[in-house]
Each structure stands twice: as C-alpha cells, then as structure tokens.
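The values are calculated or read from the model by the stated rules, or taken from the named source; none is laboratory data. Note that the structure is a prediction, hence the values are computed from the model and not measured. A quick note on method: Cβ atoms are made from the backbone with ideal geometry, for glycine too, and the neighbour counts reach across all protein chains shown.
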Amino acid sequence: MCGGMTHWLRRSRIGLTLTALIALWFIASLRADSHATRRVSSPRQTLSITADTRLLIVAPHPDDEVLAAGGVIQRVRSVNGVLRIVYLTDGEGYREGVQAEEHKAVPKPSDYREYGLERKDEARHALRTLGIGSDALTFLGFPNEGLSRLMTVYWSERRAAYRSPYTRRDRPLKSETIDADTKFRGEDLTQELAAIIGEFKPTMILVSRREDQHVDHCAAWFFVADAMGDVFRVEPGFDADLITYIIHYYSWPFETDPPRLDPPPDLSSGVSGWLTVPLTTREMETKRRALRQYKTQMRVMDWFLEGFVRRSEIFSRPATRHVVLPVRRSPCDAFIESHH
Ligand SMILES: [Zn+2]
C-alpha cells in the first residue's frame, strides 16, 4: 500500500457504494447465467504451505506483506517453514502520509527520510506481532514511486541514476545494500533481487501482480520476474513457484463482500485459478493486530487496511513470467495518472 494513492482512494470511497452496487449486480448476473458451471469449472484451490516451504515475500512498501499475506506468514511460521521478506521501498514518498505525520503542508526531503525510517520501524513491529524476527526482513531502500522509471530510462549506468523528488537521494543507504555500488538504477535493483533469490533459494515467491494499479506494485512484478530470469541463467536447476497478490484494483476489496476475501470480479485468475488460504479467527485477529502496528497508515486509511482482514487471503499464478528488462515503455506508467 501507500505512495500517493489516498486522493484516488478517497475519491473511490465516495463512489464505493455505487461501485459496490454495480459489482453486486454484475456478480448476480453472472451467477444467474452460469452459477452451476462456474462452481464446477473454477474451484478455488488452497495454497499449500509445508515445513519445506521457503517463502520469499516481495513487498513494494511496508504493509503490503501483511495486507496480502498476514495469514500466510503465520502459517509458514506455524509449520516451521522459512520466511524472508524484502521491501523494495520504504514507502517514504507518500506525500499525504508525511503531511499528516509531520503537520507540514510542504514536507522537506528530511521529512520524507524520517517518514521512511518510521515505516521501517512499523514493519519490524508488525512482523514481530506475527512472530517473525527482524533478521528475516530486508529493506532495499529503492525509491517510492520511482520503480517504474528504473525499468526504462534509469536502467543502466549509461546515464545518471534516478533521484527521488521526495528524499533527493539517488541511492539506498549503504547499510541497506548487498552490493556497495548500488544506485537507483533498474539493473541494480534486478541484481539485488537476484542475489537474494540466488542465496535464499525460495520454493515460493509472493509478489504483487502486474495488473495492480499502484505503479510500484506493477513494477515490482517486472523486477522479480527479471531477477528470476537472471537466477535461472546462472543456475538452470533452480525453480520457485511464482505467486501473485493484488492490493490496489479500482475500489476492491468491497466493504459489502462476504467475510472471506473474494477476488475482483473482472480480474483473471491466472493459469491455475484463484488460490486461497483460509484463516482461523485467531489468525485473522493476529493479522489485524499486525496491521495496526502500521500507525502512519492506519491514521490516513484504516478502512482500507482493515478491508484485508478477512477469513481468507487470495492469490494467483501469472500466465507467464518471461520478462526481460529494460523496456522502452513501462506498462506500469498507465497507473501513474491515478496517483496525483
Ligand atoms: Zn504498497
């Protein structure tokens, strides 16, 4: 979650009732047409998590990992699987959040940097609530709302690195990087991710899907798929199940939905159909407590965060994971308009 979506979210909340009604009508009409066939043709499978699971979660911003997979994280821990969470950005460029936090109409670069530190702290607290220690977390410190630019013009050292308009930084903090020369360039982010994947050897990778309407969430998918390609080239025997989640998609999740989390009605379920993980009441409550550790986010959009505390979590598998970066035009740029 995060980074400038609130204007759009607030607007969409005003239209939520109407959108929800339209969505309900749409679902009802689908059911009237083919209720029986739909039930037979697209059963929801349960995502399997065992003691052999080595799960890598890639979160564009602190809080996405709990929103999408707060239940899955608890499940991996309870079966003694291994977990690693990588945050691509600190969520530091979320102007409305910084304004609310710092009580300033025009925040300075130092305010954005401070906000990023606060969000990282919240992530540590949230994951501790889920029973996960800080050593499982990696903050790559790449630029919030800048990832899509790194897929295109700011790809290689043939030109200056991207500079965040928020923090004025052009590289992550040294302490955050695996390679000390890392700057805000696409190939540097791919390399950092490939190094993590190659070293951790996940059996399963969770990342936001390319249809997610937040520009960083969309870009995250491309970087993970590109990094997996790099790892395969070096280690052809390596494989990991690539699973995607969705956070931002029009005004989903609807407040009128049943207690379980149903997928957006018009979004593809991917190659293997929707995959769910049902949550126990206790897991649900623990997920809620973890999300509430994200105080900076709860302050500005608690209703959105709480919308993900349901009886299930939902995932899918992409049709393809073949991606070669850089690209001339980023498909994610289509989502930039909706942010400001
Ligand atoms: Zn996010």
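Structure values in brief
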{"item": "Selection count, the range 77-108, where residues are away from the ligand (no atom under 16 Å from the Cβ), surrounded by fewer than 23 Cβ atoms within 10 Å (Cβ to Cβ) and in contact (Cβ under 8 Å) with a residue 12 or more places away in the chain", "result": "10"}
{"item": "Residue match in the range 314-326 (condition: crowded, with 18+ Cβ neighbours inside 10 Å, closer than 29 Å to residue 118 by Cα, touching a Gly at 6+ places or on another chain (Cβ under 6 Å) and of a type in the set (Val, Ile, Thr))", "result": "no"}
{"item": "Matching entry among 206, 193 (being in a strand (DSSP E or B) and surrounded by 24 or more Cβ atoms within 10 Å (Cβ to Cβ))", "result": "206"}
{"item": "Residue within the range 87-103 that is at pLDDT below 95, in a helix (DSSP H, G or I) and among the hydrophobic types (A, V, I, L, M, F, W, C) present", "result": "yes"}
{"item": "Count - residues of the range 209-234 that are in a helix (DSSP H, G or I), under 12 Å from the mean Cα position of the chain (by Cα) and either within 14 Å of the ligand (Cβ to nearest atom) or over 23 Å from residue 94 (Cβ atoms) (or both)", "result": "7"}
{"item": "Residue among 184, 200 that alone is more than 18 Å from residue 316 (Cα to Cα), surrounded by fewer than 23 Cβ atoms within 10 Å (Cβ to Cβ) and either charged (D, E, K, R) or away from the ligand (no atom under 12 Å from the Cβ) (or both)", "result": "200"}
{"item": "Of residues in the range 20-51 being surrounded by 12 or more Cβ atoms within 10 Å (Cβ to Cβ) and in contact with a Gly (Cβ under 9 Å, 6 or more places away or on another chain), the one modelled with the highest pLDDT", "result": "49"}
{"item": "Candidate set from the range 56-76 (those that are of a type in the set (A, V, I, L, M, F, W, C), over 21 Å from residue 143 (Cα atoms) and away from the ligand (no atom under 14 Å from the Cβ)); member that is farthest from the chain's Cα centre (by Cα)", "result": "76"}
{"item": "Where a residue in the range 267-283 is under 18 Å from residue 308 (Cα atoms) and of a type in the set (S, T, N, Q) and its partner, wherever it lies, is at pLDDT 95 or above and not in a loop (DSSP other than H, G, I, E, B), with Cβ under 8 Å and at least six apart", "result": "276/312; 276/313; 276/314; 276/315"}
{"item": "Lone unmet requirement of (1) at pLDDT 50 or above; (2) farther than 25 Å from residue 195 by Cβ; (3) basic (Lys, Arg) for residue 54", "result": "(2)"}
{"item": "Members of the range 235-256 that are within 16 Å of the ligand (Cβ to nearest atom), in a loop (DSSP other than H, G, I, E, B) and touching a strand residue (DSSP E or B) at 6+ places or on another chain (Cβ under 9 Å)", "result": "246, 247, 248"}
{"item": "Subset of the range 268-288 [assigned to a strand (DSSP E or B), surrounded by fewer than 19 Cβ atoms within 10 Å (Cβ to Cβ) and at pLDDT 95 or above]", "result": "278"}
